[in-house]
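To start, the structure itself, in C-alpha coordinates.
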Amino acid sequence: MSDRSDIPNGPKRQVAMVFDLNKCMGCQSCSVACKRLWTRGEGEEHQWWCSVNTQPGRGVPRDWEQMGGGYRDGRLVLGSKPTLEEFGGGWSFNQQEVFFRGRGQAAPLRPRTAEGTPPTWGPNWDEDQGAGEFPNSYYFYLPRICNHCTHPACVEACPSGAMYKRRADGLVLRDEDRCQGSQDCMRACPYKKIYFNHVRGVAQHCNLCFPRLEEGVAPVCARNCPGRLAFVGYLDDEDGPIHKLVNVWRVALPLHAEYGTEPNVFYVPPLSPYRLNEDRSIDTGNMRIPLEYLESLFGPDVGRALETLRSEIHAVRAGGRSELLDTLIVYAWKSLFGPFTREPATVTPPPTGLAASQEGTR
Ligand code: SF4
(Lines give C-alpha, C1' and ligand atoms only; values in the text may rest on other atoms or scores of the structure.)
Protein backbone atom coordinates (compact mmCIF):
# COMPACT_ATOMS: atom_id res chain seq x y z
CA MET A 1 0.00 0.00 0.00
CA SER A 2 1.23 3.48 -0.77
CA ASP A 3 2.63 5.48 2.09
CA ARG A 4 0.85 8.48 0.66
CA SER A 5 -2.66 9.48 1.57
CA ASP A 6 -4.83 10.92 -1.17
CA ILE A 7 -6.11 14.00 0.55
CA PRO A 8 -9.86 13.63 -0.27
CA ASN A 9 -10.06 10.35 1.67
CA GLY A 10 -7.54 11.46 4.25
CA PRO A 11 -5.19 9.39 6.40
CA LYS A 12 -6.26 6.45 8.56
CA ARG A 13 -5.34 8.24 11.77
CA GLN A 14 -3.96 11.64 12.71
CA VAL A 15 -1.12 12.34 15.11
CA ALA A 16 -1.70 15.66 16.84
CA MET A 17 -0.13 17.84 19.52
CA VAL A 18 -1.47 20.13 22.24
CA PHE A 19 0.67 22.90 23.76
CA ASP A 20 -0.56 24.27 27.11
CA LEU A 21 0.40 27.95 26.92
CA ASN A 22 -0.17 28.42 30.65
CA LYS A 23 2.97 26.41 31.29
CA CYS A 24 5.30 27.68 28.55
CA MET A 25 8.12 29.78 30.05
CA GLY A 26 9.91 30.55 26.79
CA CYS A 27 13.02 28.60 27.78
CA GLN A 28 13.60 27.46 24.17
CA SER A 29 14.53 23.91 25.23
CA CYS A 30 12.22 22.60 22.47
CA SER A 31 13.72 24.89 19.81
CA VAL A 32 17.29 24.02 20.73
CA ALA A 33 16.59 20.26 20.93
CA CYS A 34 15.01 20.39 17.46
CA LYS A 35 17.85 22.51 16.06
CA ARG A 36 20.43 20.11 17.46
CA LEU A 37 18.68 17.07 16.04
CA TRP A 38 17.52 18.22 12.62
CA THR A 39 19.01 21.46 11.28
CA ARG A 40 22.75 21.54 11.79
CA GLY A 41 23.66 21.09 8.14
CA GLU A 42 24.72 23.55 5.48
CA GLY A 43 21.92 25.83 4.32
CA GLU A 44 20.01 25.11 7.54
CA GLU A 45 21.49 27.90 9.65
CA HIS A 46 18.28 29.97 9.56
CA GLN A 47 15.98 26.99 10.08
CA TRP A 48 14.17 26.65 13.40
CA TRP A 49 11.51 24.04 12.71
CA CYS A 50 10.30 24.61 16.26
CA SER A 51 10.25 28.28 17.23
CA VAL A 52 8.93 29.97 20.38
CA ASN A 53 8.01 33.64 20.04
CA THR A 54 6.66 36.26 22.39
CA GLN A 55 3.05 37.27 21.78
CA PRO A 56 1.99 39.86 20.86
CA GLY A 57 4.94 40.19 18.56
CA ARG A 58 5.99 40.09 14.94
CA GLY A 59 7.23 36.52 15.23
CA VAL A 60 9.42 34.60 12.86
CA PRO A 61 9.51 34.92 9.95
CA ARG A 62 8.87 38.60 10.67
CA ASP A 63 5.15 39.49 10.32
CA TRP A 64 4.30 35.95 9.18
CA GLU A 65 0.61 36.49 9.96
CA GLN A 66 0.41 39.07 7.16
CA MET A 67 2.08 36.90 4.51
CA GLY A 68 -0.99 35.05 3.22
CA GLY A 69 -1.43 31.50 2.01
CA GLY A 70 -3.94 28.83 3.03
CA TYR A 71 -7.50 28.68 1.72
CA ARG A 72 -10.14 31.35 1.09
CA ASP A 73 -13.65 30.10 0.32
CA GLY A 74 -12.15 26.66 -0.17
CA ARG A 75 -9.65 27.81 -2.79
CA LEU A 76 -5.89 27.68 -2.41
CA VAL A 77 -4.25 31.09 -2.05
CA LEU A 78 -0.54 31.57 -2.63
CA GLY A 79 0.86 34.19 -0.29
CA SER A 80 4.33 35.69 -0.19
CA LYS A 81 7.54 33.76 0.32
CA PRO A 82 9.51 34.75 3.43
CA THR A 83 13.04 35.97 2.77
CA LEU A 84 16.16 34.80 4.53
CA GLU A 85 16.32 38.18 6.26
CA GLU A 86 12.74 37.81 7.55
CA PHE A 87 13.68 34.42 9.01
CA GLY A 88 16.58 36.12 10.78
CA GLY A 89 19.22 34.40 8.67
CA GLY A 90 22.02 32.49 10.35
CA TRP A 91 24.39 34.70 12.30
CA SER A 92 28.12 34.41 12.88
CA PHE A 93 29.98 36.01 15.79
CA ASN A 94 33.42 37.52 16.43
CA GLN A 95 34.40 34.84 18.96
CA GLN A 96 38.10 34.99 18.08
CA GLU A 97 38.26 38.71 18.88
CA VAL A 98 36.24 38.37 22.09
CA PHE A 99 37.77 35.25 23.59
CA PHE A 100 41.37 35.05 22.35
CA ARG A 101 42.78 38.55 21.79
CA GLY A 102 42.85 39.77 25.38
CA ARG A 103 40.71 42.83 24.78
CA GLY A 104 38.38 42.25 27.72
CA GLN A 105 35.12 44.15 27.66
CA ALA A 106 36.32 46.37 24.81
CA ALA A 107 35.30 43.60 22.42
CA PRO A 108 31.66 42.55 22.93
CA LEU A 109 30.06 39.82 20.83
CA ARG A 110 28.75 41.21 17.55
CA PRO A 111 26.42 39.12 15.38
CA ARG A 112 26.83 39.37 11.62
CA THR A 113 24.70 38.06 8.76
CA ALA A 114 26.08 35.90 5.96
CA GLU A 115 26.74 39.20 4.08
CA GLY A 116 28.80 40.51 7.01
CA THR A 117 26.24 43.18 7.96
CA PRO A 118 24.54 43.68 11.34
CA PRO A 119 21.30 41.64 11.43
CA THR A 120 17.94 43.39 11.30
CA TRP A 121 15.83 40.49 12.57
CA GLY A 122 16.24 37.22 14.43
CA PRO A 123 14.33 34.25 15.78
CA ASN A 124 13.60 36.09 19.05
CA TRP A 125 14.19 39.70 18.08
CA ASP A 126 11.19 41.02 20.04
CA GLU A 127 11.43 38.54 22.92
CA ASP A 128 9.55 39.57 26.08
CA GLN A 129 8.44 42.95 24.63
CA GLY A 130 4.72 42.11 24.60
CA ALA A 131 2.11 44.86 24.73
CA GLY A 132 0.06 47.03 27.06
CA GLU A 133 1.03 49.76 29.51
CA PHE A 134 2.34 49.24 33.04
CA PRO A 135 0.77 47.97 35.29
CA ASN A 136 -1.28 46.13 32.67
CA SER A 137 1.49 45.08 30.32
CA TYR A 138 1.40 41.44 29.24
CA TYR A 139 2.96 38.79 27.08
CA PHE A 140 3.01 35.03 26.67
CA TYR A 141 4.95 32.50 24.64
CA LEU A 142 3.78 30.62 21.56
CA PRO A 143 5.67 27.50 20.41
CA ARG A 144 5.12 26.82 16.70
CA ILE A 145 5.92 23.81 14.54
CA CYS A 146 4.39 22.56 11.29
CA ASN A 147 0.72 21.86 12.04
CA HIS A 148 0.56 18.66 9.93
CA CYS A 149 -2.70 20.07 8.63
CA THR A 150 -5.71 18.00 7.56
CA HIS A 151 -5.88 20.15 4.40
CA PRO A 152 -2.22 21.03 3.88
CA ALA A 153 -1.97 23.93 1.45
CA CYS A 154 1.70 23.06 0.99
CA VAL A 155 0.79 19.64 -0.44
CA GLU A 156 -1.75 21.08 -2.87
CA ALA A 157 0.69 23.77 -4.03
CA CYS A 158 3.65 21.46 -4.57
CA PRO A 159 4.09 21.05 -8.35
CA SER A 160 6.34 17.99 -8.13
CA GLY A 161 4.49 15.79 -5.62
CA ALA A 162 7.33 16.08 -3.15
CA MET A 163 5.05 17.12 -0.27
CA TYR A 164 2.55 14.50 0.85
CA LYS A 165 0.33 13.51 3.75
CA ARG A 166 1.20 10.09 5.14
CA ARG A 167 -1.57 7.53 5.19
CA ALA A 168 -0.67 5.82 8.49
CA ASP A 169 -0.56 8.83 10.78
CA GLY A 170 -1.43 11.99 8.85
CA LEU A 171 2.06 13.47 9.06
CA VAL A 172 2.88 15.97 6.29
CA LEU A 173 6.23 14.85 4.93
CA ARG A 174 8.41 15.58 1.91
CA ASP A 175 10.38 13.49 -0.51
CA GLU A 176 13.49 15.59 -1.06
CA ASP A 177 14.46 13.61 -4.15
CA ARG A 178 11.31 14.88 -5.84
CA CYS A 179 11.61 18.51 -4.67
CA GLN A 180 12.42 20.83 -7.57
CA GLY A 181 12.84 23.91 -5.39
CA SER A 182 9.82 25.84 -6.69
CA GLN A 183 9.14 27.13 -3.14
CA ASP A 184 5.39 27.21 -3.88
CA CYS A 185 4.92 25.30 -0.60
CA MET A 186 6.44 28.28 1.22
CA ARG A 187 3.96 30.61 -0.45
CA ALA A 188 1.02 28.31 0.27
CA CYS A 189 1.72 27.56 3.93
CA PRO A 190 -0.14 30.29 5.88
CA TYR A 191 1.90 29.51 9.01
CA LYS A 192 5.17 30.08 7.13
CA LYS A 193 6.74 26.96 8.62
CA ILE A 194 8.62 25.84 5.52
CA TYR A 195 12.25 26.81 4.95
CA PHE A 196 14.34 26.74 1.82
CA ASN A 197 17.80 25.23 1.88
CA HIS A 198 19.69 27.49 -0.54
CA VAL A 199 22.68 25.15 -0.59
CA ARG A 200 20.79 21.97 -1.52
CA GLY A 201 17.95 23.69 -3.40
CA VAL A 202 15.16 21.92 -1.47
CA ALA A 203 12.37 22.89 0.91
CA GLN A 204 12.56 21.59 4.49
CA HIS A 205 10.13 21.57 7.41
CA CYS A 206 9.23 19.90 10.72
CA ASN A 207 8.55 16.21 10.18
CA LEU A 208 7.29 15.68 13.75
CA CYS A 209 10.34 13.45 14.29
CA PHE A 210 8.71 10.63 12.28
CA PRO A 211 11.64 8.21 12.76
CA ARG A 212 11.16 8.57 16.50
CA LEU A 213 7.37 8.14 16.30
CA GLU A 214 7.87 4.96 14.30
CA GLU A 215 9.89 3.57 17.23
CA GLY A 216 7.37 4.70 19.85
CA VAL A 217 9.50 7.69 20.93
CA ALA A 218 7.95 11.15 21.31
CA PRO A 219 9.22 14.08 19.18
CA VAL A 220 12.34 15.71 20.55
CA CYS A 221 10.64 19.09 21.17
CA ALA A 222 8.04 17.47 23.42
CA ARG A 223 10.45 15.20 25.31
CA ASN A 224 12.84 18.05 26.07
CA CYS A 225 10.16 20.43 27.38
CA PRO A 226 10.85 20.88 31.12
CA GLY A 227 7.42 22.45 31.62
CA ARG A 228 5.61 19.25 30.57
CA LEU A 229 3.27 21.22 28.34
CA ALA A 230 3.55 19.42 25.00
CA PHE A 231 1.12 16.52 24.55
CA VAL A 232 1.50 14.07 21.64
CA GLY A 233 -0.91 11.37 20.52
CA TYR A 234 -3.64 10.28 18.15
CA LEU A 235 -6.56 12.65 17.82
CA ASP A 236 -9.04 9.74 17.79
CA ASP A 237 -7.65 8.01 20.91
CA GLU A 238 -10.67 8.54 23.16
CA ASP A 239 -8.72 7.66 26.31
CA GLY A 240 -5.83 9.98 25.46
CA PRO A 241 -5.35 13.58 26.61
CA ILE A 242 -5.34 15.04 23.09
CA HIS A 243 -8.86 13.82 22.29
CA LYS A 244 -10.16 14.93 25.67
CA LEU A 245 -8.55 18.38 25.58
CA VAL A 246 -9.63 19.06 21.98
CA ASN A 247 -12.97 17.28 21.61
CA VAL A 248 -14.39 16.65 25.08
CA TRP A 249 -13.36 19.59 27.27
CA ARG A 250 -12.72 21.76 24.19
CA VAL A 251 -10.03 23.82 25.92
CA ALA A 252 -7.39 23.21 23.22
CA LEU A 253 -7.93 25.30 20.10
CA PRO A 254 -6.23 25.61 16.70
CA LEU A 255 -4.18 28.68 15.83
CA HIS A 256 -5.71 30.82 13.07
CA ALA A 257 -8.35 28.28 12.04
CA GLU A 258 -9.54 30.88 9.53
CA TYR A 259 -6.53 30.02 7.35
CA GLY A 260 -8.55 26.96 6.30
CA THR A 261 -5.91 24.22 6.52
CA GLU A 262 -7.34 22.51 9.65
CA PRO A 263 -4.17 22.41 11.74
CA ASN A 264 -3.51 19.45 14.03
CA VAL A 265 -1.53 21.39 16.60
CA PHE A 266 -3.78 22.84 19.31
CA TYR A 267 -3.24 25.33 22.12
CA VAL A 268 -4.67 25.69 25.62
CA PRO A 269 -4.99 29.50 25.70
CA PRO A 270 -3.26 31.54 28.43
CA LEU A 271 -5.15 32.70 31.49
CA SER A 272 -3.96 36.01 32.91
CA PRO A 273 -4.45 38.16 36.03
CA TYR A 274 -7.23 40.72 36.20
CA ARG A 275 -6.42 44.23 35.00
CA LEU A 276 -5.60 46.90 37.53
CA ASN A 277 -7.47 50.22 37.53
CA GLU A 278 -5.61 53.54 37.80
CA ASP A 279 -6.08 53.52 41.59
CA ARG A 280 -4.62 49.97 41.60
CA SER A 281 -7.98 48.41 42.50
CA ILE A 282 -8.72 45.17 40.64
CA ASP A 283 -10.93 45.25 37.55
CA THR A 284 -12.57 41.85 37.89
CA GLY A 285 -14.36 42.27 34.56
CA ASN A 286 -11.26 42.22 32.39
CA MET A 287 -8.20 39.99 32.12
CA ARG A 288 -4.73 41.40 31.51
CA ILE A 289 -4.49 39.72 28.09
CA PRO A 290 -7.36 41.26 26.06
CA LEU A 291 -9.93 38.69 24.98
CA GLU A 292 -10.06 40.30 21.52
CA TYR A 293 -6.37 39.59 21.05
CA LEU A 294 -6.76 35.94 22.03
CA GLU A 295 -9.78 35.66 19.71
CA SER A 296 -7.64 37.00 16.86
CA LEU A 297 -5.33 34.00 17.39
CA PHE A 298 -7.58 31.18 18.59
CA GLY A 299 -11.02 32.17 17.32
CA PRO A 300 -14.34 33.03 18.96
CA ASP A 301 -14.34 29.93 21.20
CA VAL A 302 -11.43 31.12 23.30
CA GLY A 303 -13.61 32.92 25.87
CA ARG A 304 -15.56 29.73 26.52
CA ALA A 305 -12.33 27.72 26.82
CA LEU A 306 -10.92 30.18 29.38
CA GLU A 307 -14.20 30.09 31.30
CA THR A 308 -14.01 26.29 31.47
CA LEU A 309 -10.46 26.50 32.86
CA ARG A 310 -11.48 29.13 35.41
CA SER A 311 -14.49 27.19 36.64
CA GLU A 312 -12.36 24.03 37.08
CA ILE A 313 -9.83 26.04 39.08
CA HIS A 314 -12.61 27.41 41.29
CA ALA A 315 -14.00 23.90 41.79
CA VAL A 316 -10.59 22.62 42.96
CA ARG A 317 -10.09 25.61 45.24
CA ALA A 318 -13.46 24.74 46.80
CA GLY A 319 -12.15 21.26 47.61
CA GLY A 320 -13.31 19.38 44.50
CA ARG A 321 -11.37 17.32 41.95
CA SER A 322 -10.83 18.11 38.28
CA GLU A 323 -9.76 15.51 35.73
CA LEU A 324 -9.10 18.38 33.33
CA LEU A 325 -6.67 20.13 35.69
CA ASP A 326 -5.03 16.83 36.66
CA THR A 327 -4.47 16.19 32.95
CA LEU A 328 -2.93 19.63 32.41
CA ILE A 329 -0.74 19.42 35.53
CA VAL A 330 0.85 16.19 34.21
CA TYR A 331 1.89 14.41 37.40
CA ALA A 332 3.65 11.67 35.39
CA TRP A 333 5.51 12.55 32.19
CA LYS A 334 4.35 9.43 30.38
CA SER A 335 0.79 10.74 30.47
CA LEU A 336 1.90 13.35 27.89
CA PHE A 337 2.76 11.01 25.10
CA GLY A 338 0.09 8.35 24.56
CA PRO A 339 1.71 5.48 22.62
CA PHE A 340 5.05 7.34 22.28
CA THR A 341 6.60 6.82 25.73
CA ARG A 342 9.58 4.67 24.78
CA GLU A 343 13.02 5.81 25.98
CA PRO A 344 15.13 6.78 22.94
CA ALA A 345 18.21 5.16 24.45
CA THR A 346 16.50 1.74 24.22
CA VAL A 347 16.22 1.93 20.41
CA THR A 348 19.14 0.11 18.78
CA PRO A 349 20.52 0.87 16.37
CA PRO A 350 19.26 4.46 16.53
CA PRO A 351 17.40 5.31 13.30
CA THR A 352 17.85 8.63 11.50
CA GLY A 353 16.66 11.35 13.80
CA LEU A 354 17.60 9.45 16.92
CA ALA A 355 21.34 9.75 16.56
CA ALA A 356 21.47 12.92 18.67
CA SER A 357 19.76 10.99 21.47
CA GLN A 358 23.12 9.37 21.99
CA GLU A 359 24.73 12.81 22.29
CA GLY A 360 22.56 14.13 25.09
CA THR A 361 19.42 15.23 23.25
CA ARG A 362 16.66 13.16 24.81
FE1 SF4 B 1 1.80 22.45 5.26
FE2 SF4 B 1 2.12 24.73 6.61
FE3 SF4 B 1 0.12 23.08 7.28
FE4 SF4 B 1 2.66 22.38 7.80
S5 SF4 B 1 1.55 24.15 8.68
S6 SF4 B 1 1.07 21.06 6.85
S7 SF4 B 1 3.77 23.26 6.07
S8 SF4 B 1 0.33 24.17 5.33
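The values are calculated or read from the model by the stated rules, or taken from the named source; none is laboratory data. Note that the structure is a prediction, hence the values are computed from the model and not measured. For neighbour counting, all protein chains shown are included, and Cβ atoms are generated from backbone atoms with ideal geometry for every residue, glycine included. Side chains are part of the model used for accessible areas, which takes the heavy atoms of the whole protein and leaves out ligands, DNA and RNA. Shrake-Rupley method; radii C 1.70, N 1.55, O 1.52, S 1.80 Å.
Probing with 1.4 Å while keeping every protein chain in the model, the per residue accessible area of segment 186-253 equals 31 Å².
By DSSP, what percent of the beta bridges with both residues in the chain are antiparallel, rounded to the nearest 5? Walk me through the numbers before you get to the answer.
On the way: 29 of 33 bridges.
Of those bridges, close to 90 percent are antiparallel.
Accessible surface calculations at 1.4 Å, restricted to protein heavy atoms, place segment 53-141 at 59 Å² per residue. Of the residues Thr261, Thr120, ranked by 1.4 Å probe accessible area with the largest first, the sequence reads Thr120, Thr261.
When only Cα pairs below 8 angstrom with a gap of at least 6 residues are kept, segment 171-278 shows a relative contact order of 13 percent.
Counting protein heavy atoms only, segment 122-201 has 44 percent of its accessible area on carbon and sulfur, 1.4 angstrom probe. Annotation: Thr117 carries an accessible surface of approximately 70 Å², with a 1.4 Å probe and no ligand, DNA or RNA atoms counted.
Would you tally the net charge around Ser296, using a Cβ to Cβ cut-off of less than 11 Å, leaving Ser296 out, and scoring K and R as +1, D and E as -1?
Details: positive: none; negative: Glu65, Glu258, Glu292, Glu295.
Once positives and negatives cancel, what remains is -4.
With a/c under 1.5 counting as rounded, go ahead and sort the chain into rounded, prolate or oblate using the C-alpha gyration tensor (a ≥ b ≥ c being the square roots of the eigenvalues; past the cut-off, prolate if a/b is larger than b/c, else oblate). It is rounded, given that a/c, with a ≥ b ≥ c, falls under 1.5.
With only Lys, Arg, Asp and Glu charged, each at its Cβ (+1 for the first two, -1 for the last two), find how big the charge dipole of segment 226-362 is about the Cα centre; round to the nearest 20 debye.
Numbers: 13 positive and 18 negative charges, 98 e Å.
Charge dipole of segment 226-362: 480 debye, to the nearest 20.
With contacts taken as Cα pairs under 8 Å at a separation of at least 6 residues, the chain carries a relative contact order of 23 percent.
Simple rule: put +1 on each Lys or Arg Cβ and -1 on each Asp or Glu Cβ in the chain, find the dipole, and look at Leu325, Pro143, Gly116; the Cα lying farthest toward the positive end is Gly116.
Note down the magnitude of the dipole of segment 232-274 about its Cα centre, charges +1 on Lys and Arg C-beta and -1 on Asp and Glu C-beta and zero elsewhere, to the nearest 20 debye.
Numbers: 2 positive and 6 negative charges, 48 e Å.
Roughly 220 debye, rounded to the nearest 20.
For the listed residue pairs Lys193/Lys244; Lys35/Lys193; Lys193/Lys334; Lys12/Lys244; Lys165/Lys193; Lys192/Lys244, the alpha carbons are over 23 angstrom apart in Lys193/Lys244; Lys193/Lys334; Lys192/Lys244.
Accessible surface of Asp184, taken over heavy atoms with a 1.4 Å probe and every protein chain present, rounds to 40 Å². For the chain, the Cβ-based charge dipole about the Cα centre amounts to some 640 debye (Lys, Arg positive; Asp, Glu negative; other atoms uncharged). When both segment 39-90 and segment 279-338 are represented by their alpha-carbon centers, they are found 29 Å apart.
Quick check of the Kirkwood formula: for segment 44-202, what is the inverse mean of 1/r over all pairs of different Cα atoms, in Å? Display every interim value, and only then the final one.
Working: mean 1/r = 0.0564 Å⁻¹.
Computed over Cα pairs of segment 44-202, the Kirkwood hydrodynamic radius comes out at 17.7 Å.
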